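Enquirer: Following this message is one structure expressed as structure tokens.
Since every read-out is calculated from the coordinates, none of them should be taken as a lab result. Note that this is a predicted model, so its numbers are computed, not measured. Counting neighbours? That spans all protein chains shown, and the Cβs are built from the backbone with ideal geometry, glycine included.
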Amino acid sequence: MAGKTLYDKLWEQHVVKERDDGTALIYIDRQLLHEVTSPQAFEGLRIAGRKPWRLDANLATPDHNVPTTSAERESGIAGIQDPVSRIQVKTLDENCDEFGITEFKMADKRQGIVHVVGPEQGATLPGMTVVCGDSHTATHGAFAALAHGIGTSEVEHVLATQCLIQRKMKNLLIRVDGELGAGITGKDVVLHIIGVIGTAGGNGTAMEFGGSAIRSLSMEARMTMCNMAIEAGARVGMVGFDDITSEYVKGRPYAPKGEQWEMALAAWKDLVSDDDAVFDKVVEIRAEDIKPQVTWGTSPEMVTTIDGTVPTLADAADEVQRSGFERAYQYMGLTPGQKITDIKLDRVFIGSCTNSRIEDLRAAADVAKGRKVAGSVKQALVVPGSGLVKAQAEAEGLDKVFIEAGFEWREPGCSMCLAMNADKLGSGEHCASTSNRNFEGRQGYGGRTHLVSPAMAAAAAIAGHFVDVREL
Amino acid sequence: MKPFTVHKGIAAPMDRANIDTDMIIPKQFLKSIKRSGFGPNLFDELRYLDEGQPDADNSGRPLNPDFVLNQPRYQGASVLLARENFGCGSSREHAPWALEDFGFRAIIAPSYADIFFNNSFKNGLLPIVLDDATVDRLFKAVAANEGYELTIDLAQQKVITPDGEEIPFEVDAFRKHCLLNGLDDIGLTLQDADDIRAYEQNRRQQAPWLFGA
Ligand code: SF4
């Protein structure tokens, strides 16, 4: 009998019941909640007179709507300027209080972007099923967990039943073998992969990242990659368990301790795809081929290398892509054949659930140290992913490095990733951003987003245009 | 979810094809954090003469006297008579929420948009499909008789008119079962509560660290 993939194992371990129609009832170990997609779920419970099935499986924190300036943060919820944002944050607090769910509220040091907070607290553990009403829940798969985003009615379903009705997906392995060059980060690897397989490349699959290059990556880098599995069409991204995983998890507040730690470790060792596991599809990537990446268009697959150019219509694979290119040139204000290093930046955003962890901030600070943000850049923001990341960075003096270089040092939250709070791009502005989506209007109406790694974003802030971070 | 067995109520006619979800509940109300309370804004643009705002008091707003649901004879209506392709447009579940919150329990139309049709069942609202000619006949009967009430017997799959005519309709057996018993998706899953508990007990033994304080 053929071996099993990591996904097969995680799936099997969570099946409560198979149904006749090919779906299965899957048990959920952890649900993360935030203010945008949970209010109607809680109200649904109230209307039906139901209670959460298991309180301790839930953890909540507000992130999408919270302001990131300390001035606005100081006055608490009442200080949130936008009325819809204020109501959503307030409602999350009220719902968590009413139902008895643990919440890291806005003023709590542990507050932050759910996908940063979960792993940081050890609330995301290997072997778990993790869900959240947010598509970037794929992030947590970096821990050899089965994690995916769900809709509001499913949030309610999980609250009430601790289960989800699911259909098993196909197995896709992205194997990156070889050694990554100096200065190449998880962000570059995943953008390169999306460039190769396209934004629909992972449709209907659970995407596992494997190979020697992935094994050498830190947990932060693996999270960055799994985070963007969704941009390659897969709801689930995963990396098998190894020593790097256990090192990261050990000692975190929600992680098992003592005897239970040993027991957990023994169980987690099996959370890898068997050598003879059969995948429905395998994509092989050579680590040596990967250079620093920059997206030029309005979809994450419209990506090229720092020494590259905006592609011409002749580079388009087909008619659909050709018209996509045309529309993207216009929206982005770029001309075919233009050098990437000639793109000038108006703003720079270092943050989001993709790249706002301590390692990301260190990489950016390394570049920023002793340098100055170019005068032509209107704003360069650094938004840590959580209160604890912020505290850690401050303990290391990174905040000073950023401030001295002319960056703004903010409070934790989603911020300019999706512009639900006051941090936004103006129309026509180009932004070097460490987030995950460069869709039209994502960072503000008419805003032009270029996705890059934290080091590349910091380098772009200093130069005022894109530069190769390896040549600094 | 409220079970649906036999329902009797005044029928109100929406004599217009392709009523879309934006007409049912305009997009400014989607910002709400609620799933109840949409009733006062059902058909907002047709029903009022001014523009509706979320979370505002609707009681003092100028009503459009020509709109059918504002007419005294249709007050308290709970069966909506509609034309083809009712509920087209977006997938917003706010549309059945608004109809239900207003007080509708059933809709009768020749056809529906797919997603709306599904969402209605999930929210205890019964969308009945009858052929064009029958629907047309009902429109005429409603217009001619003030206080025209229809009885809907889901178990028997019949619409019964005031003069005793019985009109049969089709409904998917599984959906019928859910509606009759008031089972939404959650209710259905909870029928397997014993399986969930058994699984949980087993998991607690194998992975006790997943079960915190
Ligand atoms: S940082 Fe951006 S992508 Fe991540 S959860 Fe927040 S809004 Fe979503």
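Enquirer: Pop the C-beta distance of residue A:50 and residue A:344 into the FRET formula with R0 = 60 Å and round what comes out to the nearest 0.05. Could the numbers behind the result be given before it?
Expert: Values: r = 54 Å, r/R0 = 0.91.
The computed FRET efficiency comes out at 0.65.
Enquirer: How high is the relative contact order of region B:1-84, in percent, counting Cα pairs under 8 Å that sit 6 or more residues apart?
Expert: 45 percent
Enquirer: Next question. Net charge near residue B:178, counting Lys/Arg +1 and Asp/Glu -1 over other residues with Cβ under 13 Å of its Cβ?
Expert: Within the 13 Å Cβ shell, the charges total +1.
Enquirer: Please tell me the relative contact order of region A:232-359 in percent, rounded to the nearest whole number, where contacts are Cα pairs under 8 Å and at least six residues apart. Write down the numbers at each step before the final one.
Expert: Numbers: 81 pairs, mean separation 21.1, N = 128.
That works out to 17 percent.
Enquirer: Report the FRET efficiency, 1/(1 + (r/R0)^6), for residue A:403 and residue B:64, where r is their Cβ-Cβ distance and R0 is 60 Å, rounded to 0.05. The partial results should precede the final answer.
Expert: Details: r = 58 Å, r/R0 = 0.97.
Working from the Cβ atoms, E equals 0.55.
Enquirer: According to a simple spin-label model (label point 7 Å from Cα along Cα-to-Cβ), what is the distance in nm between residue B:191 and residue B:27?
Expert: Each label point is offset 7 Å from its Cα along the Cβ direction, giving 3.9 nm.
Enquirer: Dividing the Cα radius of gyration by the Kirkwood radius, what Rg/Rh value follows for region B:145-205?
Expert: Rounded to two decimals, Rg over Rh is 1.32.
Enquirer: What is the extension gain from residue B:173 to residue B:134, computed as 0.36 nm multiplied by their sequence separation minus the C-alpha to C-alpha distance, in nm to one decimal?
Expert: Full extension of this stretch gives 11.8 nm more.
Enquirer: Still on this structure, I have one more. Which residues in region B:120-152 have a backbone N closer than 16 Å to a point placed 7 Å from the Cα of residue B:7 along the Cα-to-Cβ line?
Expert: Under cut-off, by backbone N: B:120-130, B:149-152.
Enquirer: For residue A:339, which aspartates and glutamates qualify as cross-link partners when the Cα separation must be under 19 Å and same-chain residues fewer than eight apart are set aside?
Expert: A:188, A:301, A:307, A:315, A:326, A:429, A:468, A:471
Enquirer: Same structure, new question: Sort B:66, A:134 so that the residue with the fewest other Cβ atoms within 10 Å of its own Cβ comes first and the one with the most comes last.
Expert: Values: B:66 8, A:134 25.
With the sparsest Cβ surroundings first, the list reads B:66, A:134.
Enquirer: Multiply the residue separation of residue A:196 and residue A:19 by 0.36 nm, subtract the distance between their alpha-carbon atoms, and state the gained length in nm to one decimal.
Expert: Gain in length upon complete extension: 60.1 nm.
Enquirer: For region B:145-213, with the dipole built from +1 on Lys and Arg beta-carbon atoms and -1 on Asp and Glu ones, taken about the Cα centre, which of B:160, B:187, B:211 lies farthest toward the positive end?
Expert: B:211
Enquirer: With all distinct Cα pairs included, what does the Kirkwood hydrodynamic radius of region A:61-112 come out to in Å, to one decimal, could you say?
Expert: It is 11.1 Å.
Enquirer: Label-point separation (nm) for residue A:313 and residue A:472, each offset 7 Å from Cα along Cα-to-Cβ?
Expert: For the pair residue A:313/residue A:472, the computed spacing is 3.8 nm.
Enquirer: Ok, one more. Which of the peptides A:455-462, A:357-364, B:194-201 is most tightly packed, and how do the rest follow, judged by the mean count of other Cβ atoms within 10 Å per residue? List each step's numbers first, then the result.
Expert: Details: A:455-462: 29.4, A:357-364: 24.9, B:194-201: 14.5.
In decreasing order of mean packing, A:455-462, A:357-364, B:194-201 become A:455-462, A:357-364, B:194-201.
Enquirer: Taking beta carbons within 10 Å but only from partner chains, what does the mean come to for residues B:181-190?
Expert: 5
Enquirer: Further question: Hey, which lysines would be in cross-link range of residue B:27, C-alpha to C-alpha under 25 Å, not counting anything within fewer than 8 residues on its own chain?
Expert: Within reach: A:90, A:424, B:122.
Enquirer: Just list whichever of A:109/A:372; A:51/B:158; A:291/A:390; A:187/A:369; A:369/A:390 have alpha carbons separated by over 25 Å in the model shown.
Expert: Violating the 25 Å limit, Cα to Cα: A:109/A:372; A:51/B:158; A:291/A:390.
Enquirer: Modelled label-to-label distance, residue B:17 and residue A:84, 7 Å Cα→beta-carbon offset: nm?
Expert: My value for the distance between the label points is 3.4 nm.
Enquirer: Using all C-alpha to C-alpha distances in region A:332-439, build P(r) with 5 Å bins and read off the rounded percent in each one.
Expert: Taking every Cα pair in region A:332-439, the percentages come to 2, 12, 23, 24, 19, 12, 5, 2, 1, 0.
Enquirer: While we're looking at this one, here's another question. Taking residue A:250 as the anchor, which lysines have their alpha carbon closer than 20 Å to its alpha carbon, excluding any fewer than eight residues away along the same chain?
Expert: The qualifying lysines are A:269.
Enquirer: To continue, here is another question. Going 7 Å from the Cα of residue A:276 toward and past its Cβ, which residues in region A:1-16 have a backbone nitrogen under 15 Å from where you end up?
Expert: Only A:1-5 pass the distance filter.
Enquirer: Taking +1 at the Cβ of each Lys and Arg and -1 at the Cβ of each Asp and Glu, which of A:323, B:78, A:224 sits farthest along the dipole of the protein assembly as shown towards its positive end, judged by Cα position relative to the Cα centre?
Expert: The one lying farthest along the dipole's positive direction is A:224.
Enquirer: Given Cβ point charges of +1 (Lys, Arg) and -1 (Asp, Glu) and nothing else, what value in debye, to the nearest 20, does the dipole of the protein assembly as shown about its Cα centre take?
Expert: 940 debye
Enquirer: Assuming R0 = 35 Å, can you tell me the calculated FRET efficiency for the pair residue A:69 and residue A:372, based on Cβ-Cβ distance, to the nearest 0.05?
Expert: The calculated FRET efficiency here is 0.95.
Enquirer: The protein assembly as shown: D in µm²/s via Stokes-Einstein (Kirkwood Rh, Cα pairs, 25 °C, 0.890 mPa s)? Intermediate values should be presented prior to the final figure.
Expert: On the way: Rh = 27.1 Å.
It diffuses with D of about 90 µm²/s by this estimate.
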